[in-house]
Amino acid sequence: MADVVVITGGSAGIGRAAAQQFAARGCAVGIIARGQERLDSARAELEALGARVHTVSADVADADAVERAAAEIEQALGPITVWVNNAMATVYSQISNLDAEEVKRVTEVTYLGAVNGTLAALRRMKQRGTIVQVSSVLSWRAIPIQGAYCGAKFALRGFTESLRAELIHDGSPVHLTMVHLPAINTPQFDWARNKTGRRSKAPDTVYQPEMAARAIVFAAFNRRRDVFLSKATPPDHRGRPLRRPRWWTRPWRAPALTRSLASRRRTRMATCSPRRRATRPHVAGSATRRLIRTRSTAVGRPMPWQQGWCC
């Protein structure tokens, strides 16, 4: 019997790409989203792939609407085996410029929407099932301009870890997993409310929705506690510190840091005794550059002065 997958926010972006990949695997797909026009378009695409599809226009912030949508999808497609909480909302603004209604809306969609979907799924997954929470690197490390969204994602991670502990204690067959994503090229940067006065743009490196969809599909059918996409996302669930940036161990990739280190070296050499300088010829002026340049060329690593912005 084919799996029945429900995706919230599945009419565009990551959710739509995930729906296409689930359909390609032969799954029946149910989509919950607000825009009826995009729902119709997504339905046509999935039916062209030969999948059974049922769409429901509903707001995930409304718990009763999510419950009714889940019941409707289950009646149309069969018992739900995979539920993907993907719907989100955000506002690009400094926290001091946000109003209460904006924070409330972001929290209701991004956090409470996932909670409502999780509760609806748990009521139907008695024997088996997988709940996939689509999370973000911002659930581990907050950034400016997206305070409301970061708070909602932090809350979702805490809720998920608490629920996971309860499921393990009860011996439940339901599997709960989180997919942590980096910056993804989705319409959110154009659709979200922007109060900064500047055009919003995803930070480098940006991944396509199909990459995120592959991670979601993998998480749905492989029992993993957490799935991290790319090196930009945080560490595993054992609480290791965040990965150090590349310039931490490769200082030539950070101009300001390299200039600081070079300045310290010059200060140390100026204050040390002539005898010590004589015993350490490998750190003396141009000889240092010749030596390091030779070594760096051998391993293919250009040094700062070869790039024109240092020393």
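The values are calculated or read from the model by the stated rules, or taken from the named source; none is laboratory data. Model, not experiment: these values are computed from the prediction. Because the Cβ atoms are built from the backbone with ideal geometry, glycine has one as well, and the counts that use them run over all protein chains shown.
Residue pairs whose Cβ atoms lie under 6 Å apart, sitting 6 or more positions apart in sequence or on different chains, and linking a residue in region 62-79 that is surrounded by 16 or more Cβ atoms within 10 Å (Cβ to Cβ) to a partner that is among the β-branched types (Val, Ile, Thr), are Val66/Val60; Ala69/Ile32; Ala69/Val56; Glu72/Val56; Ile73/Val6; Glu74/Ile80; Leu77/Val4. Evaluate the following for Ala120: is it assigned to a helix (DSSP H, G or I) and under 18 Å from Ala28 (Cβ atoms)? Yes: the conditions hold for Ala120. Per the conditions (1) touching a Cys at 6+ places or on another chain (Cβ under 6 Å); (2) under 19 Å from Arg193 (Cα atoms), the sole criterion not satisfied by Ala61 is (1). Taking helices (runs of 4 or more DSSP H) as the structural unit, those lying wholly within region 152-252 and holding at least 3 residues that are at pLDDT 90 or above correspond to 209-221.
Does Ala114 fit the bill of being under 18 Å from Ile14 (Cα atoms), out of contact with any Ser or Thr (no Cβ under 6 Å at 6 or more places or on another chain), among the aliphatic types (A, V, I, L, M) and part of a helix (DSSP H, G or I)? Outline the logic, then answer.
Numbers: under 18 Å from Ile14 (Cα atoms): yes; out of contact with any Ser or Thr (no Cβ under 6 Å at 6 or more places or on another chain): yes; among the aliphatic types (A, V, I, L, M): yes; part of a helix (DSSP H, G or I): yes.
Criteria met by Ala114.
Just one of the numbered conditions (1) touching a Cys at 6+ places or on another chain (Cβ under 9 Å); (2) surrounded by fewer than 21 Cβ atoms within 10 Å (Cβ to Cβ) is not true of Ala51: (2).
If I ask for residues that are surrounded by fewer than 17 Cβ atoms within 10 Å (Cβ to Cβ) and touching a residue at least 24 places away in the same chain (Cβ under 8 Å), which ones from region 141-194 would you list? If you could, list the steps in order and put the result at the bottom.
First pass over region 141-194, keeping only residues surrounded by fewer than 17 Cβ atoms within 10 Å (Cβ to Cβ): 141-144, 158-159, 161-162, 165-171, 173, 185, 187, 190-191, 193-194.
Those that are surrounded by fewer than 17 Cβ atoms within 10 Å (Cβ to Cβ) and touching a residue at least 24 places away in the same chain (Cβ under 8 Å): Arg141, Pro144, Phe159, Pro173, Asn185, Pro187, Arg193, Asn194.
Filtered by the rule that a residue be touching a Pro at 6+ places or on another chain (Cβ under 8 Å) and modelled with pLDDT of 95 or more, region 4-13 gives a lone residue, Val4. When Glu37 is tested against (1) assigned to a strand (DSSP E or B); (2) modelled with pLDDT under 95, just one condition goes unmet, and that condition is (1).
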